[in-house]
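Structure, as structure tokens:
None of the figures in this text is laboratory data; all of them are computed from the coordinates on show. Note that the structure is a prediction, hence the values are computed from the model and not measured. A quick note on method: Cβ atoms are made from the backbone with ideal geometry, for glycine too, and the neighbour counts reach across all protein chains shown.
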Amino acid sequence: MSTDTTQHDISRGSFLRGALAAAGGIAGIGAATAAGAAPAGTSPAKADGDFTVPASWDQTVFGTGLGNGKKVYIDGLSVLYQEGTPTTLSAKEVEAQFAGTLPRGAKEGEMFTAKSTGSLDLDGGSILVRLNGDKGTRVDAEAYLVRTANPKAHGVITKIDVPHVTPLYLPQKAHLAWSTTRIDDPASVSTKDAREQLGNALAWCYQTNGEPQVDTKDVKVFDDGVHITGYARWIPDIGLGFQPYYGIALPTASGWSYLFSRLPGK
């Protein structure tokens, strides 16, 4: 195994720009069931050694993709680093995760109000949210309360569905990270790009008032950029050391980004 590492120094400003581009969150980790057909070329990566994808992930988003990216896409991941590790969010707290969201199909200048159908629980699956535009656009969305790569912060993933809800199935109790950097085409992602995606995703989970840094090593790209594997650690290290991550490219409102999960048992 190579010991080459790449250090990522990501400014607070870049985090805030990413937040504006990817405001949103993640939620409960549901049972593993297929969430629609995977896009072409998104068969699970066949990696060696520590990066063999667990069989239990085959029917999660890491194995199936997210289906039709023209109708279903990830809005973003909000890291609740100030709130810590809540296990429940009220309906109003869920609705707050959609503040500023502008879904596809919105009319020029249209503003949206979120209406959650209930509260949200960690490991309890998703909650349906209706986005009502002041010019008549109506959009369905989902929110998921999840663990992040930062053990001291949970997060909320928000997903937009136009017009119907397609569940996002996640590995049980996964520690997740989402890159705030968009790409136009996964097939164009180089190993350097992949290192930056993993570094950005992990650093986003450790938002601080300083300049967070992430080390990555042994990053590899599979399946024409659809899957990424690699090791990463946050600096200053809190005792976790380098951890193995597995990522998949998922559609966003504009382009693609990567959802990563720390591999289980690490």
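Odds and ends about this structure:
- Segments 162-173, 225-236 sorted - mean Cβ within 10 Å per residue, highest first: 225-236, 162-173
- The C-alpha atoms of the stretch 133-240 occupy a region whose extents along the principal axes are 47, 34, 29 Å, arranged from largest to smallest.
- Distances between placed amide hydrogens fall under 5 Å for H154 paired with L80, G84, T85, all partners being 5 or more residues away or on another chain.
- When the Cα gyration tensor is reduced to axis lengths a ≥ b ≥ c, the ratio a/c is 1.5 or higher for the stretch 139-191, and with a/b not above b/c it is classed as oblate.
- Rounded to the nearest 20, the size of the Cβ-charge dipole of the stretch 167-266 about its Cα centre is 340 debye, with Lys and Arg at +1 and Asp and Glu at -1.
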